[in-house]
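Written out below as structure tokens is the structure these notes cover.
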Amino acid sequence: MVVINEKLLNCLKNSNDYISGEKLGEMLGVSRSAIWKEIQNLRRAGYDIEAVTNKGYKINNVGDIINSIELNTGKLIGSNIICFDEVDSTNEECKKLGMYGEKEGTVVIADNQSTGKGRLGRTWDSEKGKGVYMSILLKPDISPSKLSCITLCAGLAVCESLKNDFNIKAGIKWPNDIVVNNKKICGILTEMSGQMRKVDFVVVGIGINVNNKNFNDDVKCKASSMFLCTDKRFKRSYVAKSVLNHFDKIYKIFTTEGFLAIKDDYEKNCINIGKHVCVINKYENFEAVAIEVDKNGELVVMRRDGSKTSVFSGEVSIRGVY
Ligand code: BTN
């Protein structure tokens, strides 16, 4: 792993013109040759730095660089970022950190997942360098019955990020698929370690298809990406940081005021509300209309006979949407 000199990086980022090695040395209190070595390190870390004789150094557009400096939010969520080139699953890495007592808000992010995990025992297609694959470690003081609210908070964070920061018209398919034009662009997998009454820690895994173009045969017809929706490429670091910032805001509201404080925003973005849905779970399959999301994050549906049922988990499909 390359150690990045953050001060030097900031000096370069804050300057519109070339800065000489001598001036950088003065600013950082080190020799010109030390600056040269640090510049090599920055290049190794992926930064494009020009060096021109008699002028000095200049950083060109920062590319799609995933590291703790580019992603640090300085907030509870995302102040400690751990980056990997490849892991089996960021959720698995994050769970290990949770067991070792790593602090709340820590984020594990990887360029590639060899066995990315999806919900209901499925796999998550994680093409190297194309998507955002990250997991957030949380230690909320809540009962396990409120766990699904955290997934809903994460879904809302991704949806708001895509809409507000990237101009993508996303919606949430309850509980946690982010959908654009009826196709899935992001999935969320929440896992918990704890006892019946107490949560020790929670890992929220977020997979966003950013610049992906190809998908496995089994998800091809129902998956999309930010690139496929807009014909534009996005920097994964911007996407990840934006989602972390939105999640920080929403998670704070949830932990201080409870899910009811977020319910309206969630429902406004949830594409199921007011629609005919088909509920498929372990016990039964039935058709109903989705009415609202309750304080525990369950989907309240009305059956044909007018009776209401809360759907806790399982699959919900909407006509016209996968
Ligand atoms: C789903 O099935 O919709 C949930 C997909 C969750 C995928 C993400 S990618 C980052 C994190 N690590 C994993 O192994 N899975 C989640």
How high is the relative contact order of the range 23-105? Use alpha-carbon pairs under 8 Å, at least six apart in sequence, and give a whole percent. 16 percent
Carbon + sulfur, % of accessible area of the range 276-318 - ligands and nucleic acids excluded, 1.4 Å: 51 percent
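When N counts the residues of the range 1-83, how does its alpha-carbon radius of gyration compare numerically with 2.2 N^0.38 Å, as a ratio?
1.12
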Rounded to the nearest whole number, the Stokes-Einstein translational diffusion coefficient of the range 235-274 at 25 °C and 0.890 mPa s (Kirkwood radius, C-alpha pairs) in µm²/s is 215 µm²/s
For Thr256, tell me the accessible area in Å² from a 1.4 Å probe, rounded to the nearest 10. 110 Å²
Under 8 Å for C-alpha pairs, at least 6 residues apart: give me the relative contact order for the chain, rounded to a whole percent. 13 percent
GNM flexibility winner over the chain from Val158, Val180, Val107 (Cα, springs under 10 Å): Val180
Rounding to the nearest 20 debye, state how big the charge dipole of the chain is about its Cα centre with +1 on each Lys and Arg Cβ and -1 on each Asp and Glu Cβ. 360 debye
Ignoring ligands, DNA and RNA, what accessible area per residue does the chain give at 1.4 Å, in Å²? 49 Å²
Quantify, in whole percent, the carbon and sulfur part of the accessible surface of the range 68-269 (1.4 Å probe; protein heavy atoms only). 48 percent
Mean projected area (nm²) of the alpha-carbon convex hull when the range 253-307 is viewed from all directions: 4.4 nm²
Taking a point 7 angstrom from the Cα of Thr230 along the C-beta vector, which residues in the range 149-169 have backbone N less than 18 Å away? 156-169
Please compute the net charge surrounding Glu93, taking Lys and Arg as +1 and Asp and Glu as -1 over other residues with Cβ under 14 Å from its Cβ. -4
In degrees between 0 and 90, to the nearest 10, how far off the longest principal axis of the chain does helix 90-99 point, with axes built from Cα atoms? 90 degrees
On a 1.4 Å probe surface of the protein chains, which of Asp265, Asp141 comes out largest in accessible area, and what is the full order? Asp141, Asp265
How large, in Å, is the range 276-318 by the Kirkwood hydrodynamic radius built from its alpha-carbon pairs? 10.2 Å
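Using a 1.4 Å probe on the protein chains only, how many percent of the accessible area of the range 6-62 belongs to carbon and sulfur?
Roughly 42 percent, rounded to a whole number.
Out of all Cα-Cα pairs in the chain, roughly what percent, to the nearest whole number, are more than 33 Å apart?
Taking all Cα-Cα pairs of the chain, the fraction more than 33 Å apart is 32 percent.
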As I understand it, the value is the acute angle between the Cα axis of helix 147-160 and the longest principal axis of the Cα atoms of the chain; what does it come to in degrees, rounded to 10? 60 degrees
Which trypsin sites (Lys or Arg not before Pro) does the range 235-266 hold that lie in a coil by DSSP with at most 13 other beta carbons within 10 Å? none
Using helices alone, what [θ] at 222 nm do you get for the chain, with -39,500 (n - 2.57) per DSSP H run of 4 or more residues, divided over all residues and rounded to the nearest 500? -8500 deg cm²/dmol
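The values are calculated or read from the model by the stated rules, or taken from the named source; none is laboratory data. No experiment lies behind these values; they were computed from the predicted model shown. Virtual Cβ from ideal backbone geometry, glycine too; neighbours counted across all protein chains shown. For the accessible areas, the whole protein counts, side chains as well, though only heavy atoms, and no ligand, DNA or RNA atoms are used. Shrake-Rupley method; radii C 1.70, N 1.55, O 1.52, S 1.80 Å.
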